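Visitor: Encoded as structure tokens, here's the structure I'll be asking about.
Since every read-out is calculated from the coordinates, none of them should be taken as a lab result. Predicted model only: the values in this text are computed from it and were never measured. Glycine gets a Cβ as well: all are built from the backbone with ideal geometry, and neighbour counts include every protein chain shown.
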Amino acid sequence: MSNSSNVDSGEIEKFSQLAHRWWDKDSEFKPLHAINPIRLDWIKSHVTLTGQSILDIGCGGGILSESMAQGGAFVTGIDLSVKALKVAKLHALEVGTQNIEYVEISAEDLARDKPESFDIVTCMEMLEHVPDPSLVVKACARLVKPGGWVFLSTINRNVQSFLMAIVGAEYVLKMLPKGTHEYAKFIRPSELLAFCNACGLSEVDLKGLHYNPLTERYWLNQSTQVNYFMAVQKK
Ligand code: SAH
């Protein structure tokens with residue numbers, strides 16, 4: 001288990017209970033499967049994956065980690081849900097994904113052990129589940145090599161994101177279990193950028209992720225009102 005106190009054990013338990021369904025594309029994880037090609041393309045619009053060492057923080061069952069390894073990167077996925085990591089390892093074995101390892105450790109602890117070890121760090125759909133996201137961003141900044149990239153995604157905090165990400169997704173469309181997200185833990189892009197800038201990470205790209213419930217399609221654009229992606233680089 002991690003020494004870090006920046007963990008909400010209730011959040012880890014929530015993901016652990018669902019972990020066996022992580023690779024079921026019609027399960028609670030359907031949105032992560034649906035957005036994965038979009039976020040992977042967005043990452044690849046900034047960096048080449050081949051031969052790069054990538055750390056995926058809060059990797060869960062490994063949807064993003066595996067796709068980056070299949071793209072030619074050497075991927076380390078970390079999480080604190082033992083069950084999710086078990087599922088991730090089994091799935092990589094099943095489909096024969098190479099160049100991937102999964103470790104139970106917090107970002108903060110790994111940053112202490114292995115600073116400046118990764119060309120790229122990804123931390124997606126995870127920051128809104130931790131007590132102090134600024135500490136995770138700080139760990140990202142320590143873990144990435146100088147000149148390296150960090151790709152983040154989370155949910156904005158405003159009336160629209162409350163209506164879309166909580167009321168819409170959890171209560172109306174029932175895409176996610178009730179209680180998946182907590183409004184107070186949402187993070188404004190300006191706040192996330194301030195966390196980044198405070199530890200030497202500069203903004204390169206900011207995009208909003210949009211969803212049309214009628215067509216079940218996702219796409220990126222400039223409006224960051226609800227879900228958004230931020231790419232930053234270490235000086
Ligand atoms: N990043 C993955 C999974 C997102 S679900 C994806 O986008 O496909 C959020 C994940 O964050 C869960 O697996 C949960 O166990 C993990 N998590 C939550 N708090 C964490 C913490 N403090 N340290 C590491 N992982 C954490």
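Visitor: Considering only DSSP beta bridges where both residues belong to the range 9-234, give the percentage that are antiparallel (nearest 5).
Guide: Close to 50 percent.
Visitor: A further question follows. Please report the spacing between the Cα centers of the range 118-172 and the range 4-55 in Å, no decimals.
Guide: Rounded to whole Å, the Cα centres lie 11 Å apart.
Visitor: Then there's this: First measure r as the distance between the Cβ atoms of residue 82 and residue 184, then evaluate 1/(1 + (r/R0)^6) with R0 = 30 Å and state the FRET efficiency to the nearest 0.05.
Guide: Plugging the Cβ-Cβ distance into 1/(1 + (r/R0)^6) gives 0.65.
Visitor: Treat each spin label as a single point 7 Å out from the Cα along the C-beta direction, and report the residue 30 to residue 221 distance in nm.
Guide: With each label placed 7 Å out from Cα toward Cβ, I get 2.3 nm.
Visitor: Okay, next question. On a straight-distance basis, which aspartates and glutamates could pair with residue 185 in a cross-link, Cα separation under 13 angstrom, same-chain partners fewer than 8 positions away excluded?
Guide: Within the straight-line limit of under 13 Å, residue 185 reaches these aspartates and glutamates: 8, 11, 125, 128, 132.
Visitor: Which residue fluctuates most in the GNM of the chain (Cα springs below 10 Å): 184, 194, 19?
Guide: Among 184, 194, 19, the largest GNM mean-square fluctuation belongs to 184.
Visitor: On to the next question. Rg and Dmax in Å for the range 9-234, alpha carbons only: what are they?
Guide: Cα only, the range 9-234: 16.2, 47 Å (Rg, Dmax).
Visitor: Which residue fluctuates most in the GNM of the chain (Cα springs below 10 Å): 48, 76, 154?
Guide: 48
Visitor: In a shell of Cβ-Cβ distance under 12 Å around residue 199, excluding residue 199 itself, what net charge do Lys and Arg (+1) and Asp and Glu (-1) give?
Guide: Net charge in that neighbourhood comes out at +4.
Visitor: Which distance in nm do the two modelled labels at residue 167 and residue 212 give, with both placed 7 Å along the Cα-to-Cβ direction?
Guide: 2.3
Visitor: Could you tell me the distance between the Cα centroids of the range 188-235 and the range 72-110, to the nearest Å?
Guide: Value for the Cα centre distance between the two parts: 25 Å.
Visitor: Which order do the peptides 161-173, 113-125 take when ranked by the mean count of other beta-carbon atoms within 10 Å per residue, highest first?
Guide: 113-125, 161-173
Visitor: Quick one: if the Förster radius is 25 Å, what FRET efficiency do residue 202 and residue 48 give, using the C-beta to C-beta distance and rounding to 0.05?
Guide: The computed FRET efficiency comes out at 0.80.
Visitor: Here's another thing I want to ask about it. According to a simple spin-label model (label point 7 Å from Cα along Cα-to-Cβ), what is the distance in nm between residue 94 and residue 114?
Guide: 2.5
Visitor: Separate question: Would you mind telling me which residue in 191, 104, 28 has the biggest mean-square fluctuation in a Gaussian network model of the chain, where springs connect alpha carbons within a distance under 10 angstrom?
Guide: 191
Visitor: Only residues of the range 77-93 count here: report those whose backbone N is under 17 Å from the spot 7 Å along Cα→Cβ of residue 17, or say none.
Guide: Residues 81-84 fall inside that zone.
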